[in-house]
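Only one structure is covered here, and it is reproduced in the block below.
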């Protein structure tokens with residue numbers, strides 16, 4: 001197999017920190033706030049399959065192969081690929097697993113077959129990024145992100161603001177390994193059944209984002225940033241509470257959040273539909289001290305607690321492999 005017949009992609013997970021305008025009275029709806037995060041990622045290798053081996057296509061991830069086939073079919077390519085998944089973001093946990101996998105597969109297929117697809121092209125073909133542009137922005141740029149919401153056209157939400165997330169700030173993540181957040185048809189139906197979002201609350205959120213959250217991240221003012229994110233989360237979470245059973249979808253995480261809020265932490269919330277919860281801290285020391293307190297006060301069954309950084313770079317691609325690397329990759333693929 002030629003060197004140019006393999007592409008690897010490493011794509012970061014993301015936190016969805018909330019919507020700005022669920023009312024849509026100005027003609028644009030949603031408008032997302034979010035960020036790329038470090039340490040949790042999707043890492044794949046996509047390879048062309050020679051004609052003689054078409055019957056040996058690996059099925060180690062059904063969804064990844066479905067994404068690849070959708071791209072190939074859209075451009076009428078009678079080709080096949082093998083996909084090796086080295087790491088994956090936990091599915092339906094609020095960390096953007098589906099979008100990052102779709103963009104990683106779509107980008108790799110585009111490079112392998114010289115399709116020159118933009119991320120927006122891939123998003124439309126694979127039905128990703130319809131409500132929020134944070135996943136696409138995290139994949140492309142990393143950092144702290146805001147998108148302009150969904151307008152009246154078929155265009156996907158565009159990133160309107162990007163800033164680096166301060167290197168010394170930390171995020172404590174609470175991930176429930178056994179529970180899944182709303183997705184698919186259930187998510188679609190949830191948006192349809194929610195009551196209309198009051199316009200005065202949409203105005204408050206837009207005011208909050210533009211006059212508190214954005215200036216504070218530029219100035220690296222942790223106190224105001226954390227308070228702003230916490231307020232955004234509380235208002236949006238309360239709106240979604242009838243669907244998910246409260247501001248937080250997982251009761252164990254809800255109890256921990258109540259505990260840390262009473263300890264003075266204001267930048268707390270849930271990413272997307274959860275169940276993943278997050279706590280913003282101003283330093284590595286603060287994060288580790290908080291984790292020790294959580295573990296000493298809660299059983300934390302089924303919870304993974306991670307301390308992570310923001311990620312200020314987007315996805316990483318590699319297509320030029322050394323001979324020994326190619327041999328190792330082929331061994332892994334052939335075992336499946």
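The values are calculated or read from the model by the stated rules, or taken from the named source; none is laboratory data. Please read all numbers here as calculations on a predicted model, not as lab measurements. Virtual Cβ from ideal backbone geometry, glycine too; neighbours counted across all protein chains shown.
Evaluate the following for residue 286: is it within 28 Å of residue 10 (Cβ to Cβ) and modelled with pLDDT of 90 or more? It would help to see each step written out before you state the result.
On the way: within 28 Å of residue 10 (Cβ to Cβ): no; modelled with pLDDT of 90 or more: yes.
Spelling it out, it is not the case that residue 286 is within 28 Å of residue 10 (Cβ to Cβ) and modelled with pLDDT of 90 or more.
Of all the residues in the stretch 195-211, those that are loosely packed, with under 14 Cβ neighbours inside 10 Å and free of Cβ contacts under 8 Å to residues at least 60 places away in the same chain number 5. Out of 43, 38, one residue alone is surrounded by fewer than 24 Cβ atoms within 10 Å (Cβ to Cβ) and under 16 Å from residue 144 (Cα atoms). It is 38. Only one of the numbered conditions (1) at pLDDT 95 or above; (2) out of contact with any strand residue (DSSP E or B) (no Cβ under 6 Å at 6 or more places or on another chain); (3) in the same structural domain as residue 274 (by TED's automatic domain parsing) is violated by residue 120, and that is (3).
Is it the case that residue 245 is on the phi > 0 side of the Ramachandran plot, loosely packed, with under 15 Cβ neighbours inside 10 Å and modelled with pLDDT under 95?
Numbers: on the phi > 0 side of the Ramachandran plot: yes; loosely packed, with under 15 Cβ neighbours inside 10 Å: yes; modelled with pLDDT under 95: yes.
Taking the combined requirement at face value, the residue satisfies it.
Evaluate the following for residue 261: is it over 25 Å from residue 137 (Cα atoms) and not in a helix (DSSP H, G or I)?
Details: over 25 Å from residue 137 (Cα atoms): yes; not in a helix (DSSP H, G or I): no.
No, not satisfied.
Residue count for the stretch 236-254 under the criterion of being over 14 Å from residue 194 (Cβ atoms), touching a strand residue (DSSP E or B) at 6+ places or on another chain (Cβ under 7 Å) and in a helix (DSSP H, G or I): the result is 2.
Within the stretch 226-250, can you find the residues that are over 20 Å from residue 21 (Cβ atoms) and in contact with a helix residue (DSSP H, G or I) (Cβ under 7 Å, 6 or more places away or on another chain)? Selection gives 246, 248. The single condition among (1) modelled with pLDDT of 95 or more; (2) surrounded by fewer than 17 Cβ atoms within 10 Å (Cβ to Cβ); (3) part of a strand (DSSP E or B) that residue 304 does not satisfy is (1).
Results for (1) surrounded by fewer than 22 Cβ atoms within 10 Å (Cβ to Cβ); (2) over 23 Å from the mean Cα position of the chain (by Cα), shown as yes or no for each residue.
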residue: 251; (1), (2): yes, no
residue: 255; (1), (2): yes, yes
residue: 266; (1), (2): yes, no
residue: 272; (1), (2): no, no
residue: 282; (1), (2): yes, no
residue: 285; (1), (2): yes, yes
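Looking across 95, 145, 103, one residue alone is touching a strand residue (DSSP E or B) at 6+ places or on another chain (Cβ under 8 Å), buried (at least 23 other Cβ atoms within 10 Å of the Cβ), within 25 Å of residue 77 (Cα to Cα) and at pLDDT 95 or above. It is 103. Counting only strands (runs of 3 or more DSSP E) that fall entirely inside the stretch 126-217 and contain at least 1 residues that are assigned by TED's automatic domain parsing to the domain that holds residue 99, the qualifying elements are 144-147, 159-163.
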